[in-house]
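A quick write-up on the structure given underneath.
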């Protein structure tokens, strides 16, 4: 049984059911027509009774529209238990021919539409421009003029779709039959297996695998840098001179800008006796950058230490303890690295090349990564302090986005006020992360409509921009849905004066109180609407369900009606995500998030992040007092 349905999506109304039956003995076409919505149930009952009388019917359709039709009829109209069983059996046995084609059979057409593939096999519709959109126009003209010509066109168009579906099913059966019998397709057939078109390229990125060590050696000797440094220089005088010059330059040590000489102790630090003797010598190099208003220059300091032994008690001690850590890089260089990696979103390998080129150092991405780890450990206490300030505050904006960690999908959450920003990492999108972070928060939470936020026990404001965009997008998809446009028009009419008040006076409840009666009137009118289309009913339920969370900002000072504050912060991680490309682990991304939180807290407080890094301070408030 070949099934084709005609309907009006904006009205959620099905007005024509076409069925073509081929029982190998006789072909018959049956059509069920509804003049208006009230007759829809009648044609469905008639169609269902007709199909039920066929023994073990197999319904073939093109696309999911017809299967959705069967499911909607099941839920829309009452049925007996016996009828429900038959209907479930019909749905289970139905065949979506487009699903069979998609990704498995490729026709030489511009699309997989029934019209394109049908025309390829030689089927022609009586109306050359017949299409689903054209059928809507014919139906509309029939409703206005009641001209029987348009009705006949629709009945014929529907029947031809069923006939084209039968023809296409027959041709696909032929293709499948070839596949079942043998991989070899008859020469007269124009069917080609995709396996015969595939050709694996011998060239690809990555190190190839060889079954013999000799082949691995030969392959190694073919690399560009190997041949340039060891083969080409023997026949090219220019390359020989360049490589020789480069090797000489590499051997030159960098000049030391300052030597910090050791102090001379007068006595043993333990027994205070004076006979002390030298017991060794130690020096340490500090590679740094000296940053001033006029520029940045390389700065290397050499710290010297002499080790002593006490002649009386025998203990060993040093003249000076210049460093408590093993790091060889000064804070100026680390600040420069963190500024480029975090705020400028430059890849670590690129930052290493920049520093090496400009300042003559020999850094690589591993050293840059260790500097990032050092900075994250240094600012961890500040990171925890920002968390506590947010939780103790009166307002938090929240959002989340995906992250690629070790090739797996993880999530990053952002929580921000107007002055602080914090980024949190979690392996899943479950609501445990925001719930745990906000368990002691008693202010107002501004978020999107993700259900994970609903379980948090605090006042909430849902982002109205998300809601407006959702309704607007659906209204664009269904331009003839008057009910949906009514919802959008009423909501826009309510919100526009509120936004005008905010633009004039700011987010102050004293001036926003006057709009509360308008909100109550909007929901009172919304309750009275009896919508028929599913999309309008969906938004009615959504508005009523979120009623207490849509206009919370009218009752508070400084609470926004949208979540753009958090969305702006999440964009910073999105830029970094493009740079990382999944080449990080959980520890690495947590270090990034600590530093990103510090960076954007500085931005939200209008503080220069680079200047804050250079200061070496761990508290923004103390930095503000000194500037």
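We did not get these values from a lab; they are worked out from the coordinates using the rules stated. Quantities reported herein were computed from a predicted structural model and do not represent experimental measurements. Here the Cβ positions follow ideal geometry from the backbone for every residue, glycine too, while neighbour counts run over all protein chains shown.
Hey, can you rank 562-573, 383-394 by average C-beta count inside 10 Å, highest first?
Values: 562-573: 19.8, 383-394: 16.3.
Result, highest mean first: 562-573, 383-394.
Using Cβ contacts closer than 10 Å as the measure, can you line up 480, 612, 150, 238 from fewest to most?
Fewest-to-most ranking of 480, 612, 150, 238: 238, 480, 150, 612.
Compute the label zone of residue 529 within the stretch 473-498: residues whose backbone N is under 17 Å from the point 7 Å along Cα-to-Cβ.
Backbone N within reach: 473-496.
Relative contact order for the chain using alpha-carbon pairs under 8 Å, separation at least 6, rounded to a whole percent? Spell out each step's value before the answer.
Details: 764 pairs, mean separation 65.2, N = 627.
RCO, the chain: 10 percent.
Count the DSSP beta bridges whose two residues both fall in the stretch 247-324, then state the antiparallel fraction as a percent rounded to the nearest 5. Don't skip to the answer; put the middle values down first.
Values: 19 of 22 bridges.
The answer is about 85 percent antiparallel.
Report for the stretch 265-404 the percent antiparallel among DSSP-assigned beta bridges with both residues inside it, nearest 5.
95
Please list 509-517, 588-596, 365-373 highest first by mean number of surrounding beta-carbon atoms within 10 Å per residue.
588-596, 365-373, 509-517
In degrees, nearest 10, range 0 to 90: what is the angle between the Cα axis of helix 516-528 and the longest Cα principal axis of the chain?
Between the helix axis and the principal axis of the chain, the angle is about 30 degrees.
Please sort 92-98, 143-149 by packing, taking for each peptide the average over its residues of neighbouring beta carbons within 10 angstrom, highest first. Could you put the intermediate results ahead of the total?
Values: 92-98: 14.6, 143-149: 10.4.
Result, highest mean Cβ count within 10 Å first: 92-98, 143-149.
Quick one: if you stick a label point 7 Å off each Cα along the C-beta vector at residue 472 and residue 547, how many nm between them?
Reported label-point gap for residue 472 and residue 547 is 2.7 nm.
Based on the alpha-carbon gyration tensor of the stretch 247-324 and its eigenvalue square roots a ≥ b ≥ c, which shape applies: rounded if a/c is under 1.5, prolate if not and a/b is larger than b/c, or oblate? Write down the numbers at each step before the final one.
Values: a/c = 4.41, a/b = 2.32, b/c = 1.90.
Since a/c reaches 1.5 and a/b is larger than b/c, the shape of the stretch 247-324 is classed as prolate.
Mind pulling the angle between the C-alpha long axis of helix 534-545 and the longest principal axis of the chain? Nearest 10 degrees, somewhere in 0 to 90.
50
If each of residue 129 and residue 92 carries a label point 7 Å out from its Cα toward its Cβ, how far apart are those two points in nm?
In this crude label model, residue 129 to residue 92 measures out at 4.6 nm.
Kindly put 169, 428 in sequence by how many other C-beta atoms sit within 10 Å of each C-beta, fewest to most.
Values: 169 16, 428 10.
If I rank by nearby Cβ atoms, fewest first, I get 428, 169.
With both bridge residues required to lie in the chain, what share of the DSSP beta bridges run antiparallel, to the nearest 5%?
On the way: 48 of 62 bridges.
Around 75 percent antiparallel, to the nearest 5.
For the stretch 464-555, just say rounded, prolate or oblate: build the C-alpha gyration tensor, square-root its eigenvalues into a ≥ b ≥ c, call rounded for a/c under 1.5, and beyond that prolate if a/b exceeds b/c, oblate if not.
On the way: a/c = 2.34, a/b = 1.77, b/c = 1.33.
Prolate, since a/c reaches 1.5 and a/b exceeds b/c.
For the chain, take the longest principal axis of its alpha carbons; what is the angle in degrees between that and the long axis of helix 237-251, to the nearest 10 within 0 to 90?
60
Please work out how much length the chain gains when fully extended from residue 194 to residue 373, using 0.36 nm per residue of separation minus the C-alpha to C-alpha distance, in nm with one decimal.
59.5 nm
What whole number of Å gives the distance from the Cα centroid of the stretch 377-401 to the Cα centroid of the stretch 477-520?
Here the two parts' Cα centres lie 33 Å apart.
Is the chain rounded, prolate or oblate when judged by the Cα gyration tensor, a ≥ b ≥ c being the square roots of its eigenvalues, rounded requiring a/c under 1.5 and prolate requiring a/b larger than b/c? Display every interim value, and only then the final one.
Working: a/c = 3.35, a/b = 1.70, b/c = 1.97.
Oblate is the answer for the chain, as a/c is 1.5 or above yet b/c matches or exceeds a/b.
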